[in-house]
Amino acid sequence: MRIDVITVLPKLFEGPFSDSILKRAQEKGLVEIHLHNLRDYSTDKHKNVDDYQYGGGAGMVMRIEPIASCIEALKKERTYDEIIYMTPDGELLEQGTSNRLSTFQNIIVLCGHYKGVDERVREIFITKEISIGSYVLSGGELAAAVMVDSIIRLIPGVLSDETSALTDSFQDHLLAPPVYTRPPEFQGHRVPEILLKGNFKEIEVWREEQALKRTQERRPDLLD
Ligand code: ADE
């Protein structure tokens, strides 16, 4: 899979993309992440990518020309399954969205800033708009990093234990059951006996019950 990220702050991705699972996925050649600094596509002598909004009002708007030339340059090289704009007014990112995106070959992720992008960018180029939650971030970069992480861990071969992404919370619309490791007792809190006994059939049933109980208690909306 190839992910092209368009941003005014490529440095923000250095941390999340250069460690742990995302780093290994790139090293293994399972995913290519390409960062594009939007300023490189500005023909303006100060490399500006934003401007005042028509009609007045506080906050700058990201101009269409640099975004258009970046997207058009990428589209000349390959076809994209989805061109995604990270925005608080997009559809809420859910596990199902990440599952679907993880099956794609090429996606572009555009990170918004300031008051957002000129509406015509959305009309002309964007095929999907995604929000990571009902709150406003300073820019789309952290949201993009969250989404990209959730996608990449689903690509076959990325996680060393192939089944572990399938038992994540939200797969099957259930939260994950509680997990324990050694020691068997800590400050009077014991690991449930059933896990220590090692009967895998019983453990499976217990885990299903716990997942259901946890979902009913914490996220009953997932069961609707
Ligand atoms: N940009 C700013 N806030 C955002 C959010 N909640 N989700 C996606 N992109 C954003």
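Filter segment 20-39 down to residues that are outside any loop (DSSP other than H, G, I, E, B) and free of Cβ contacts under 8 Å to residues at least 12 places away in the same chain and give me whichever is farthest from residue 105 (Cα to Cα).
20
Go through 40, 50 for me and flag whichever is in contact with a Cys (Cβ under 9 Å, 6 or more places away or on another chain), among the acidic types (Asp, Glu) and farther than 26 Å from residue 166 by Cα.
40
If I filter segment 131-144 for residues that are within 9 Å of the chain's Cα centre (by Cα), buried (at least 22 other Cβ atoms within 10 Å of the Cβ) and under 14 Å from residue 6 (Cβ atoms), do I get at least one hit?
yes
Inside segment 69-80, can you point out the residues that are over 11 Å from residue 109 (Cα atoms) and open to solvent by less than 70 Å² (accessible area, probe 1.4 Å)?
69, 70, 73, 74, 78
Please go through segment 10-32 and give me each residue that is of a type in the set (Gly, Ala, Ser) and either over 16 Å from the mean Cα position of the chain (by Cα) or within 11 Å of residue 149 (Cβ to Cβ) (or both), ordered by number.
20, 25, 29, listed by residue number.
Check whether at least one residue in segment 36-50 is of a type in the set (Ser, Thr, Tyr), open to solvent by 50 Å² or more (accessible area, probe 1.4 Å) and away from the ligand (no atom under 16 Å from the Cβ), and report yes or no.
yes
Modelled with pLDDT of 95 or more, open to solvent by less than 30 Å² (accessible area, probe 1.4 Å) and touching a Pro at 6+ places or on another chain (Cβ under 9 Å) - does that describe any residue in segment 180-188?
No: segment 180-188 contains no residue that is modelled with pLDDT of 95 or more, open to solvent by less than 30 Å² (accessible area, probe 1.4 Å) and touching a Pro at 6+ places or on another chain (Cβ under 9 Å).
To keep it simple, each residue is scored yes or no on (1) assigned by TED's automatic domain parsing to the domain that holds residue 32; (2) within 13 Å of the ligand (Cβ to nearest atom); (3) under 21 Å from residue 18 (Cβ atoms).
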| position | (1), (2), (3) |
| --- | --- |
| 101 | yes, no, no |
| 113 | yes, yes, no |
| 127 | yes, no, no |
| 141 | yes, yes, yes |
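Going by what's in this entry, would residue 91 be described as acidic (Asp, Glu), open to solvent by less than 40 Å² (accessible area, probe 1.4 Å) and in the same structural domain as residue 74 (by TED's automatic domain parsing)?
It is false that residue 91 is acidic (Asp, Glu), open to solvent by less than 40 Å² (accessible area, probe 1.4 Å) and in the same structural domain as residue 74 (by TED's automatic domain parsing).
The values are calculated or read from the model by the stated rules, or taken from the named source; none is laboratory data. Just so it is clear, the structure is predicted and the values come from calculations on it, not from any experiment. When we count neighbours, we look across all protein chains shown, and the Cβ atoms used for this are built from the backbone with ideal geometry, even at glycine. Surface accessibility is based on the protein's heavy atoms, side chains included, excluding ligands, DNA and RNA. Shrake-Rupley method; radii C 1.70, N 1.55, O 1.52, S 1.80 Å.
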